[in-house]
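Notes follow once the structure below has been shown.
The values are calculated or read from the model by the stated rules, or taken from the named source; none is laboratory data. Computed from a prediction, not measured in an experiment: that's the story for all the values here. Neighbour counts are summed over all protein chains in view; Cβ atoms, including those assigned to glycine, are modelled from backbone coordinates with ideal geometry.
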Amino acid sequence: MIAVLVADPSGMISLIGVLLACNCAFMAFFHRDPDRPIPRTNGLLVSPADGCVMFVVRERATGRRPTQEELQSSRIEVDPHMGDWFPEPCPQPLRYSTEQRWEKVSEGEESRFDSIRIAIYMSPLDVHVQRSPLAGSIVHMEHRTGKGRRRGPYLRASRKESEGNERIRSVIEHETGHRVEITQISGAVARTIVPYTGPGESLRRGQRIGMIRFGSRVDIRFSADDYEVLVSKGSILLAGQDKIARDLNLESE
């Protein structure tokens with residue numbers, strides 16, 4: 001409009017107008033939030049995020065966040081990205097009562113306390129609204145930042161080490177007692193995680209729970225013995241719509 005009303009011999013005003021229009025179009029595209037058909041089959045976990053599966057791994061807890069008393073202990077271990085750890089897991093690791101440190105479980109060393117972690121990378125072209133993978137109540141929610149940083153360190157979300165970036169960890173408990181841990185992780189560009197829900201709230205499967213701006217990542221953990229994984233590395237997922245795991249203890253409807 002400005003280019004039409006004002007003489008523009010150099011074409012700079014027209015160029016700026018085109019760039020601004022493209023930027024507005026991208027921002028509108030990025031913030032889209034389409035409705036999704038939510039599966040109704042009993043016992044399913046649906047994807048918490050749009051994107052590509054970075055990896056699927058069976059893990060065991062090897063440490064946890066220390067209590068105030070334990071912070072004075074000589075046993076505290078410090079990770080340059082993740083911060084302080086106490087070298088013992090929670091008494092019930094699958095309750096996810098605090099953030100824990102995990103390691104991959106080797107074949108033949110599996111136990112009933114193992115978790116499955118599915119990491120989902122969201123490119124700037126994906127829908128960045130996250131959804132609840134199951135119906136239940138939020139029993140824990142916490143915000144964490146990188147060690148020694150106000151909000152960083154902001155590694156690329158496509159790297160495994162980005163799990164130390166700024167993040168929000170939520171734990172949802174189903175009526176069966178099973179718990180699922182979801183971690184919304186910021187990327188190198190993403191600087192804001194916007195939760196839509198809070199502790200104590202009841203959720204429907206597929207309900208919107210938050211948004212991360214621009215390229216980012218979502219990790220989900222659940223009991224390895226209670227669920228059968230339905231996806232693999234490289235799977236392309238849509239939040240709230242695509243199935244990622246099936247509860248082995250429930251009959252299908």
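Residue count for the range 209-253 satisfying the condition of being of a type in the set (S, T, N, Q), at pLDDT 95 or above and in a strand (DSSP E or B): 1.
Report yes if some residue within the range 92-103 is farther than 15 Å from Thr62 by Cβ, in contact with a Lys or Arg (Cβ under 7 Å, 6 or more places away or on another chain) and outside the structural domain of Gly206 (by TED's automatic domain parsing); otherwise report no. Yes, some residue in the range 92-103 is farther than 15 Å from Thr62 by Cβ, in contact with a Lys or Arg (Cβ under 7 Å, 6 or more places away or on another chain) and outside the structural domain of Gly206 (by TED's automatic domain parsing). Restricting to the range 159-182, and then to whatever is assigned to a loop (DSSP other than H, G, I, E, B) and over 18 Å from Ser97 (Cα atoms), can you tell me which residue is farthest from the chain's Cα centre (by Cα)? Here the answer is Arg159.
Filtered by the rule that a residue be surrounded by fewer than 16 Cβ atoms within 10 Å (Cβ to Cβ) and either under 19 Å from Arg179 (Cβ atoms) or charged (D, E, K, R) (or both), the range 84-96 gives Asp84, Glu88, Pro91, Gln92, Arg95. Looking across the range 106-141, the residues that are over 13 Å from the mean Cα position of the chain (by Cα), crowded, with 18+ Cβ neighbours inside 10 Å and in a loop (DSSP other than H, G, I, E, B) come down to Asp114, Asp126, Val127, Leu134. In this structure, Gly206 qualifies as over 13 Å from the mean Cα position of the chain (by Cα), small (Gly, Ala, Ser) and either crowded, with 19+ Cβ neighbours inside 10 Å or at pLDDT below 90 (or both). Scanning the range 209-234 for residues that are more than 18 Å from Glu142 (Cα to Cα) and not hydroxyl-bearing (Ser, Thr, Tyr) yields a count of 12. Residues of the range 44-69 that are touching a strand residue (DSSP E or B) at 6+ places or on another chain (Cβ under 6 Å) and surrounded by fewer than 16 Cβ atoms within 10 Å (Cβ to Cβ): Phe55, Thr62. At pLDDT 85 or above and within 23 Å of Arg65 (Cβ to Cβ): is that true of Ile193 in this structure? Against the criterion (at pLDDT 85 or above and within 23 Å of Arg65 (Cβ to Cβ)), Ile193 qualifies.
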